[in-house]
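The values are calculated or read from the model by the stated rules, or taken from the named source; none is laboratory data. The shown structure was predicted, so the numbers you read here are calculated from the model rather than taken from an experiment. Cβ placement follows ideal geometry from the backbone for every residue including glycine, while neighbour counts extend to all protein chains displayed. Note: accessible area is taken over every heavy atom of the protein model, side chains too, but ligands, DNA and RNA are not part of it. Shrake-Rupley method; radii C 1.70, N 1.55, O 1.52, S 1.80 Å.
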Amino acid sequence: MTSKTSIPTLLIATAAGLASAFAFASLVGGSVGVLPVFLLSPLPIALAALGWGTLAGLGASGIAAGALQIGLGTPSAVVLVLSIGLPIVATARLLARRTADTTGAVSWYPLGLAVSALATLVAIATAVGGLAIGFDPQATADQVIAAFRASVVAAGGAAGDAASMEPLLRASVRMMPAFFPAFWTLVLVGNLAIAARVARRFALLARPIEDTTAIVVPIAAGLVFAAATALAFLPGSPGLLAAIAAGAAFAPHFLVGLAVLHRVTRGSDMRWIVLAFVYGLVLLVPIAGLLVGLVGLTEPFVGVRGRSSTGPGA
């Protein structure tokens, strides 16, 4: 991977930035059909940062922000920089770090630490955004319930028919500060993984192929998750910030849980059935992801992967 400033690098940064801005802005129309396009908006910046270096990634982020500034205004540009540009470029920079010992053996920056750093940056961006807009779970829940009641009445039902859904709606809104950083961290990780595959395919990535099922998250991340989860029940801003931290700390452990699943099913005839079932269940019922995250949280103490005798693979 190169970090030199050159005409090709500037062209790559420009193309990546415009592509990211277009994908990011696709959600403005409000159509659910464009959601996959929006979720891939970090991909061009990730590819520029991994394949052409930090300067290309920063350039792509700046161009994307500038395009959004012109088309949608300052808030959209700031959101892109905080939620995509800085986390992606910083993580790509970490992934490119390597050290050599006295024997000349090269050691790359640990994948688990890079993912944990990414989650931290997403948490900071979420906290800044939440405090900036004055997010209040109680007030937001009231607004959501009022809108739901109005939709029920508009459909010919009685306002009382919506009462049974109120607890679920309030619980969903209460979980938003934790759900978003966890979800967005996983989205960024997915985009980085795709970008890494593309960059490696065209010999743009120096980091070698590694066994991702061996990913290890620092014990401190688990302690942060436990403490933040306990503090998330506090009222006001302290509880909001704790919920954000809990959600962000959960994401790396979810990835470890998936890594354990992939490791222990290697060589099994039921492998793809089990994987399809778990992934499908998490997609259809996101709360099921808590079980996968719990596996990741306990892995440092249980060591399921250490007892697996299967060889390397996906």
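Compare the peptides 120-133, 64-77 by average per-residue count of other Cβ atoms within 10 angstrom and give them in order, highest first. Before the final figure, lay out the partial values.
Details: 120-133: 19.2, 64-77: 17.4.
Per-residue mean Cβ counts within 10 Å order the peptides as 120-133, 64-77.
For Cα pairs less than 8 Å apart in space and 6+ apart in sequence, what is the mean separation divided by the residue count of segment 233-314, i.e. the relative contact order in percent? Provide the component values of the computation, followed by the final result.
Numbers: 58 pairs, mean separation 35.3, N = 82.
43 percent.
Could you quote the convex hull projected area for segment 20-83, Cα atoms only and averaged over all directions, in nm²?
So the mean shadow area of the Cα hull is 3.9 nm².
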Using the Karplus curve 6.51 cos²θ - 1.76 cosθ + 1.60 with θ = phi - 60°, work out ³J(HN,Hα) for each residue of segment 236-244 in order, rounded to whole Hz, and write x for Gly and Pro. x, 4, x, x, 4, 5, 5, 5, 4
Relative contact order for segment 176-304 using alpha-carbon pairs under 8 Å, separation at least 6, rounded to a whole percent? 29
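Just flag the chymotrypsin sites (Phe, Trp or Tyr not before Pro) in segment 218-314 sitting in loop per DSSP whose Cβ has no more than 13 other Cβ atoms within 10 Å. Mind showing how you got there, number by number?
Numbers: sites: Phe225, Phe233, Phe250, Phe254, Trp272, Phe277, Tyr279, Phe301; in loops: Phe233.
Loop-located and lightly packed - Phe233.
Would you mind working out the magnitude of the charge dipole of the chain relative to its Cα centre, with +1 at each Lys and Arg C-beta and -1 at each Asp and Glu C-beta, to the nearest 20 Debye?
On the way: 16 positive and 9 negative charges, 167 e Å.
In debye, rounded to 20, the chain gives about 800.
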Among Asp269, Asp136, Asp211, whose mean-square fluctuation peaks in a Gaussian network model of the chain (Cα, cutoff 10 Å)? Asp269
Computed Rg/Rh of segment 1-136, alpha carbon atoms with Kirkwood Rh: 1.03
Relative contact order (percent) for the chain, with alpha-carbon contacts under 8 angstrom and 6 or more residues of separation? 16
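Using the Kirkwood radius over C-alpha pairs as Rh, can you work out the diffusion coefficient of segment 187-280 via Stokes-Einstein at 25 °C, viscosity 0.890 mPa s, in µm² per second?
Roughly 155 µm²/s, to the nearest whole number.
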Could you please state, rounded to a whole Å, how far the C-alpha centre of segment 15-77 is from the C-alpha centre of segment 250-292? 30
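Tell me, what % of the accessible area of the chain is carbon and sulfur with a 1.4 angstrom probe?
On the way: 12090 of 16370 Å².
Roughly 74 percent of what the probe reaches on the chain is carbon or sulfur.
With a probe of 1.4 Å, find how much accessible area the chain has per residue, and write the answer as a whole number in Å². Please report the intermediate quantities before stating the final value.
Working: 16370 Å² over 314 residues.
Heavy-atom accessible area per residue stands at 52 Å².
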For segment 170-238, treating each Cα as an identical point scatterer without solvent, what Debye log10 I(q)/I(0) comes out at q = 0.12 1/Å? -0.54
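Do any trypsin sites (Lys or Arg not before Pro) in segment 30-122 lie in a DSSP loop with no more than 15 other beta carbon atoms within 10 Å, and if so, which? If you can, show how the numbers build up before the last one.
Details: sites: Arg93, Arg97, Arg98; in loops: Arg97.
When the trypsin sites (Lys or Arg not before Pro) of segment 30-122 are filtered for loop state and at most 15 Cβ neighbours within 10 Å, Arg97 remain.
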For segment 274-290, in residue order, the Karplus 3J(HN,Hα) values (coefficients 6.51, -1.76, 1.60; θ = phi - 60°; whole Hz; Gly and Pro = x) are 5, 4, 4, 5, 5, 4, x, 5, 5, 5, 7, 10, x, 4, 5, x, 4
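Where Lys and Arg each count +1 and Asp and Glu each count -1, what net charge lies around Ala199 among other residues with Cβ under 15 Å from its Cβ? Don't skip to the end; give the middle numbers.
Values: positive: Arg93, Arg197, Arg200, Arg201, Arg207; negative: Glu210.
Combined, the nearby Lys, Arg, Asp and Glu give +4.
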